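Asker: Structure provided below as structure tokens; questions to follow.
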Amino acid sequence: MCVDFLAAALAAQLARHHSNAQHAVRLLPKLSLSRRGTSRIADYIEAHLHESITLDQLAGVADLSVVQFIRQFKRATGLTPHQYVMRARVNRARHLLVEGKESIAILALHCGFSSQEHLTRIFGMFLGTTPAAYRRAAGRSLISD
């Protein structure tokens, strides 16, 4: 997804700097994602978290170009598509960790992370702890309830 974003950003920069249609672009109305469109994208992401999700796929769900999608998604959610997907994956991992039925390595793959290390790194960035520590803390919380 990051590579897709960089490719789209590079293409947009090249088009903006080497096109003589700059004035026409400014005349286009600013579009924004509707709540229903944002909801469709969120549902798509939730349904495909275990897969590799590309910007092309998300833009297709929104029926927008990749560049339009990135801008409008950020405007609508306050997050880049990549940040949104990572947050959704971490949230799914949190729920699965509390259930405690799978190993963390298997759980990472079910949530769309490339490896347990990838899950641990991203999980730490979002929550400031490791998946194993989170699971232990959740287990203690369930026992004391």
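Asker: Between ASP56 and ARG35, what is the label-point separation in nm under the 7 Å Cα-to-beta-carbon projection?
Answerer: Between ARG35 and ASP56, the simple spin-label model gives 3.4 nm.
Asker: Here's a follow-up. Step through the residues of segment 51-62 one at a time and calculate ³J(HN,Hα) from phi using the Karplus curve (6.51 cos²θ - 1.76 cosθ + 1.60, θ = phi - 60°), rounding each to whole Hz and writing x for Gly and Pro.
Answerer: Working through the residues one at a time gives 9, 7, 9, 9, 5, 4, 5, 5, 5, x, 4, 7 Hz.
Asker: Please compute the length gained on full extension between SER115 and HIS48, using 0.36 nm multiplied by the number of residues separating them and subtracting their Cα-Cα distance.
Answerer: Computed gain between SER115 and HIS48 is 22.4 nm.
A short reminder: the numbers here are calculations on the coordinates, not readings from a lab. Because the structure is a prediction, the values reported are computed rather than measured. Reconstructed Cβ throughout: ideal geometry from the backbone, glycine too, with neighbour counts over all protein chains shown.
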